[in-house]
1. Could you look through the range A:195-213, keep only residues that are in contact with a strand residue (DSSP E or B) (Cβ under 7 Å, 6 or more places away or on another chain) and surrounded by fewer than 23 Cβ atoms within 10 Å (Cβ to Cβ), and pick out the one that is nearest to residue C:202 (Cα to Cα)?
2. Please state which one of C:146, C:157 is under 15 Å from the mean Cα position of the chain (by Cα) and within 14 Å of chain A (Cβ to nearest Cβ).
3. How many residues does the range C:273-291 hold that are at the interface with chain B (Cβ under 7 Å from one of its Cβ atoms) and within 20 Å of residue C:201 (Cβ to Cβ)?
4. Looking at the range C:121-139, which of its residues are closer than 14 Å to residue A:27 by Cβ and facing chain A (nearest Cβ under 7 Å)?
5. Looking at (1) out of contact with any strand residue (DSSP E or B) (no Cβ under 6 Å at 6 or more places or on another chain); (2) without any contact (Cβ under 8 Å) to a residue 60 or more places away in the chain, find the lone condition where residue A:158 falls short.
6. Taking the range C:234-250, which residues are part of a strand (DSSP E or B) and buried (at least 23 other Cβ atoms within 10 Å of the Cβ)?
7. Could you grab me the full set of residues in the range A:169-198 that are at positive phi and within 10 Å of chain C (Cβ to nearest Cβ)?
8. Would you confirm whether any residue within the range B:168-184 is assigned to a strand (DSSP E or B), in contact with a helix residue (DSSP H, G or I) (Cβ under 9 Å, 6 or more places away or on another chain) and either assigned by TED's automatic domain parsing to the domain that holds residue B:277 or under 28 Å from residue B:272 (Cβ atoms) (or both)?
């Protein structure tokens, strides 16, 4: 490296180091105990191996029994999940002043509680898979859905993230669902409650907000928003019910928006494509936008 | 590992192993002969190297002639593609009881047929590239399109997947197009037929259903759905024509939906943004939504 | 490998080599001096480490001081960025006939200019982060935004790409923003000018065209298009102002489209969901689509 370039680099380093001294949020320098998104992503894929042992295998090692394989996966996920939970619990004001031993204990308690939910998550997953197969004439077989449908992946990640969210884990659930969002274009907040037999077709552009509640046997297509009426209030609206409630057996076609925390879509409703709904819809109604007037010339 | 944790893990393992015994679809444990999505992804990128030899090179090794490089790539793709085809043919009821030798032979026959299509796929690709360049004032040069436009990637993957689909390969074509969907937000079913000079701009949110037919010189923008009118029928609609036919020289602006298997968009039609079309449109028509009434206050 | 297969492969290789001789754009064989998208992606993530030193660390090595870490990162990014700039400058007609030494010098000059912008980019980033936190009741804390919000990532990549674009670097800026588009579903052209305190919520499906100008304190939701009225003109429209101007304190809700280079959205305007705007809107106006007529049965 020439001396000139060395001087240039030193000047740039000093310029940026000075900029780090401005004491803004972004100027934090210590990166000790940092959340590791790659580990969280790895946890998702290993949980998928646990949920669907016959479809996704561990390529690194071959083990001879389902039991050995499962023990190994479980230990691995538990170790890594607890380490990440220890890190994020330190963001929680309840734990800010706790002794580190207490945080370790709490992380372990949470991870055990989470693992006990696996049979329940798997039960839901089986119902989702049935709903996908029954609902989509383009599905060749259930294996195709497991291997390729983005909607099933997004729902699976939400079911995991939602349990961690209920157990009071900060940050990790949202990192999980945003990873699924990145892969699928489907943005489901970890707070959203999803019923059984949930079917998402195509999925890109779907947004399901934090306080949404969805019943059983609901179908949602690409571009649907289940959102808030307005977010003008910003942080003052935190944890208020801002997103709609969708009852059982509802179908919502592509591009529809359903907004507001008081909006209830009754059971067996069908919402047509591109409908913009801000009020409750009584059970059994078919809603569609009036034939658009088109100009033709 | 402490004894307490060992006991906890053993209990969790038993809980989940018990759950695997419920004999549901998801309870399959044997993961012998599993489809490998990473290999299918690798096949896509190596095919791209074959299609566009001057743009994407193999970083692992440097070879000195185009011929050596091509031979190596071709052998590699052939070997891996055939292995995956052998696995998926076992999902096909026609091959369920076939002797494994016959499946190997069929996989080899299919892969040879596929490779013979490469000049045709490349010819289409050249026309697409021209359409992208001519259609987009923001395109700096054709290299920029090759290196960065998601639409070209999605179309290329569809052209590959469509040929494999026509050759009767299950699962792999859809895994390919869903990979492209994940990367681009553009969801084109392998069954869809795309004409020459096909231009997709931006692309996020586009859905092109299984039985769609698209002519030459068609332009489609972000958020366009070429879909089915209803999927209530589920699996009973399998392989029926459910998606529209788009004739030559049609432009479809962002957010438009064109639905239904009997819907034919005639040649030289322009469909305006956000139009919702469920009936055929005669050739040469310009369709736009009537000026939206806006409330201003 | 059996002789039969060897013959088959040789025949396929000859078939494809023949196809390479057709002298079309795609038939370029020489891949010397190729742009490397993986390196450009790596540059993005290393710049993020420089911008946010306390949030994203280098996992490969642990260094003991912020200064050492920064020097190392900076040298690495500078080396790789200059190498890529040297390659792409050869696409620029101004440099086609330049001596390679001049291109190296120009690449170094550009990279120095770029690095001097880092404090300014970081200042903008801090304002964006504040806007995200203040605007979203679902944000748990600012760390969650840094680690998981796709909108912040897309804006950060645009701010980098925009500076390189202003410095006259071809191709690389667009490869950067298309990488962000792939990860987030948010498609912002490097030419677009973004003000301070810019907030994008959810984001999937957003398109912000090349000649868009956006003021301070603007909020944009998923599915919004800031686009051109028509692209019929193709390459003849190159570098003309085709996309709208958005003044300060504007909110644009999901699914709205604002089109045209003469369209100015005045300050403090609120554009309601799904509005389709092709004309200027005076400052302070609240625009919403007239209550959709819905058919209920």
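1. A:213
2. On the way: C:146 fails: under 15 Å from the mean Cα position of the chain (by Cα).
Exactly one of C:146, C:157 is under 15 Å from the mean Cα position of the chain (by Cα) and within 14 Å of chain A (Cβ to nearest Cβ), namely C:157.
3. Going through the range C:273-291 one residue at a time, the tally reaches 5.
4. Within the range C:121-139, C:122, C:125, C:126, C:129 qualify.
5. All conditions pass for residue A:158, except number (1).
6. If we filter the range C:234-250 for residues that are part of a strand (DSSP E or B), which is where we start, we get C:245-246.
Within the range C:234-250, C:246 is the sole residue that qualifies.
7. The answer is A:171, A:185.
8. No: zero hits.
The values are calculated or read from the model by the stated rules, or taken from the named source; none is laboratory data. Note that the structure is predicted; figures quoted are calculated from it, not measured. Note that we place each Cβ from the backbone using ideal geometry, even for glycine, and neighbour counts take in every protein chain shown.
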